[in-house]
Amino acid sequence: MTNISWEQFGLKKNPYDISPLVEGGDVNVSNAFVGRNHEREFIDDILASEERACITICGNVGVGKTSMANYQKYLWKYHVKKKQLFSFRREIEANEELLNKKSFILEVIGSIMNEIELLDPQLIEKSDFLQKMTKLIDITQTFGISGNVSTGIPGIINVGADFSDKQLLAPIQLTTVALEKSFSQLLQYVMTNKIRGVAYEGLIIHVNNFDVVMESNKKQTKQFFAEIRDFLQTKNVFFIFLGPSNFYKEIIGVQDRVKSIFMPHPLLLEPLTKKELVDAFNKRLALLKSENVEEVIKPFEDEVIFELYDLFSGDVRLVMKALRDVLIRFADKLPQTLSSDETLIILGGERISRIEKLLTEEQMKVLGIIVGSKKPITQSEIAVLLKKAPTNMSSYYFRKLAELGVIEVKKEEGKHKYWHLTKEFLPLQRLSQAQKNLQEKFGQANRQLELFGK
């Protein structure tokens, strides 16, 4: 993969990084976040008026759930509102190993300790209690234990062995009661001791990626929330869980006992508006401007963002990934500000280059028909157009395209499956028109078509 020199644009680093905005770094959530005023007010009201709460933020992948949660955490951690709430910048990622009470509480304790060490490492050196908490995390993350180990923490079975050059592989035994007590003591410590000069009145715990575990094991995900129900009612603790659009409906809402301790409605995030997305990118360009550079060269015109926004239905991650793919493919001809048509030609070419050597001429013809169709199309319809036997379409023509992630079933009606491009390959629909636009605007000898090798 070609590396892009961002310095040639007058930038310190990639402004189209798909990672969520976080505390710290060149693009800090504190000054790079854009929009979501209504949603933020919703969360602010809960944090200000309640003594504990469980909040769900739901939405499609790439809509910006994590960035918004991180921004709210940042504001309540550093900017005095009605109270200041401690939080950790590293989100807890939901996975199958986390979906039990012991693992979850231990992960929470570890995340709090990690943040205290980042903010105020001297506190740990001065506090016997924090040192014990650190030891708890260390030994539970290490399965290779040598010598005689004494944790000094109630509820944890000490492990000892005498051996020369062998390791004793044995899990540390923890009781749920001991872990809950350790968390309660740690919460009390946070609320009674200043951390880097700040006295906190509570804690925000943020858990990501329930999209993943719902797909793999929805039953276990339901059981997990039933198991931690009592823990979620800890006073002065605010839990924020992030998941897909159906997360609250299919996991929380179907369990009356669990539902009763959550806010009655999930916060459903819609995509940012086009203007908000352009504002967000422009803000990143300003924040990442290199020193001693008067003006940044914008990699793309604003119209490019508008075009890709429509193409990908507001999915910010797909927009940013597409921008990155264009710049990587065009890296040897940078820097310049690309127009919408130029961008779509490069992006379409990048998508074709991935698959053209893996497909036969006949399979490319099938793809061409699908690209040219404004709506999903059946195998039978394509068979008629190509004068082929319908029985051969599925096994030979469609299977390879589906395996490569180029096409997918959009809907089914009886025995008929309707196929069209996956989101990632939607740019192919705009490629032909973009080429025509440039030819009409500049003629065959223009600089754009020469650069693209057309």
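The values are calculated or read from the model by the stated rules, or taken from the named source; none is laboratory data. Keep in mind it's a predicted model, so treat the numbers as computed, not measured. Using ideal geometry, Cβ is built from the backbone for each residue, glycine included, and neighbour counts are taken over all protein chains shown. These accessible areas exclude ligands, DNA and RNA; they are computed on the full protein's heavy atoms, side chains included. Shrake-Rupley method; radii C 1.70, N 1.55, O 1.52, S 1.80 Å.
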- Message: Going by what's in this entry, would GLN84 be described as more than 30 Å from ASP325 (Cβ to Cβ), in a loop (DSSP other than H, G, I, E, B) and touching a strand residue (DSSP E or B) at 6+ places or on another chain (Cβ under 9 Å)?
- Response: yes
- Message: Checking the structure you have, find out if any residue of the stretch 330-340 is under 18 Å from GLU424 (Cβ atoms) and of a type in the set (Gly, Ala, Ser).
- Response: no
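Quick grid of which residues meet (1) of a type in the set (Phe, Trp, Tyr); (2) farther than 30 Å from PHE306 by Cβ; (3) under 19 Å from the mean Cα position of the chain (by Cα):
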| position | (1), (2), (3) |
| --- | --- |
| PHE224 | yes, yes, no |
| ASP230 | no, yes, no |
| GLY243 | no, no, yes |
| GLU250 | no, yes, no |
| GLY253 | no, yes, no |
| GLU270 | no, no, yes |
| LEU277 | no, no, yes |
| PHE281 | yes, no, yes |
- Message: Would you confirm whether or not the stretch 315-329 contains a residue that is under 22 Å from the mean Cα position of the chain (by Cα), in a loop (DSSP other than H, G, I, E, B) and at pLDDT below 90?
- Response: yes
- Search result, residues across the stretch 202-228 that are open to solvent by 40 Å² or more (accessible area, probe 1.4 Å) and in contact with a helix residue (DSSP H, G or I) (Cβ under 8 Å, 6 or more places away or on another chain): SER216, ASN217, LYS218, GLN220, LYS222, ALA226, GLU227
- Checked LYS83, LYS132 against criteria (open to solvent by 70 Å² or more (accessible area, probe 1.4 Å) and among the charged types (D, E, K, R)); the one match is LYS132
- Within the stretch 15-55, the residues that are in a loop (DSSP other than H, G, I, E, B), open to solvent by 60 Å² or more (accessible area, probe 1.4 Å) and touching a helix residue (DSSP H, G or I) at 6+ places or on another chain (Cβ under 7 Å) are ILE18, ASP26, ARG52
- Close pairs (9 angstrom Cβ cut-off, 6 or more residues apart or separate chains): part of a loop (DSSP other than H, G, I, E, B) in the stretch 292-307, of a type in the set (A, V, I, L, M, F, W, C) and open to solvent by 40 Å² or more (accessible area, probe 1.4 Å) anywhere: VAL296/ALA286
- Item | Condition check for ILE328: under 22 Å from GLU41 (Cα atoms) and β-branched (Val, Ile, Thr) | no
- Task: Output the residue which, of all residues in the stretch 245-260 that are touching a residue at least 40 places away in the same chain (Cβ under 8 Å) and not in a helix (DSSP H, G or I), is surrounded by the fewest Cβ atoms within 10 Å (Cβ to Cβ).
- Result: ASN246
- Message: Please pick out the residue among LYS12, LYS81 that is modelled with pLDDT under 85 and touching a helix residue (DSSP H, G or I) at 6+ places or on another chain (Cβ under 9 Å).
- Response: LYS81
- What pairs come up if the first residue lies in the stretch 332-361 and is closer than 17 Å to GLU303 by Cα and open to solvent by less than 20 Å² (accessible area, probe 1.4 Å), the second is small (Gly, Ala, Ser) and part of a helix (DSSP H, G or I), and their beta carbons are under 7 Å apart, counting only those six or more places apart or on different chains? LEU344/ALA434; ILE345/ALA434; LEU347/ALA322
- Query: When you look at VAL406, is it without any contact (Cβ under 8 Å) to a residue 60 or more places away in the chain, among the hydrophobic types (A, V, I, L, M, F, W, C) and open to solvent by 50 Å² or more (accessible area, probe 1.4 Å), yes or no?
  - Reply: no
- Of residues in the stretch 412-454 being at pLDDT below 65 and open to solvent by 100 Å² or more (accessible area, probe 1.4 Å), the one nearest to LYS400 (Cα to Cα): LYS454
- Item | Residues (among the hydroxyl-bearing types (Ser, Thr, Tyr) and over 20 Å from LYS298 (Cα atoms)) located in the stretch 1-33 | SER19, SER30
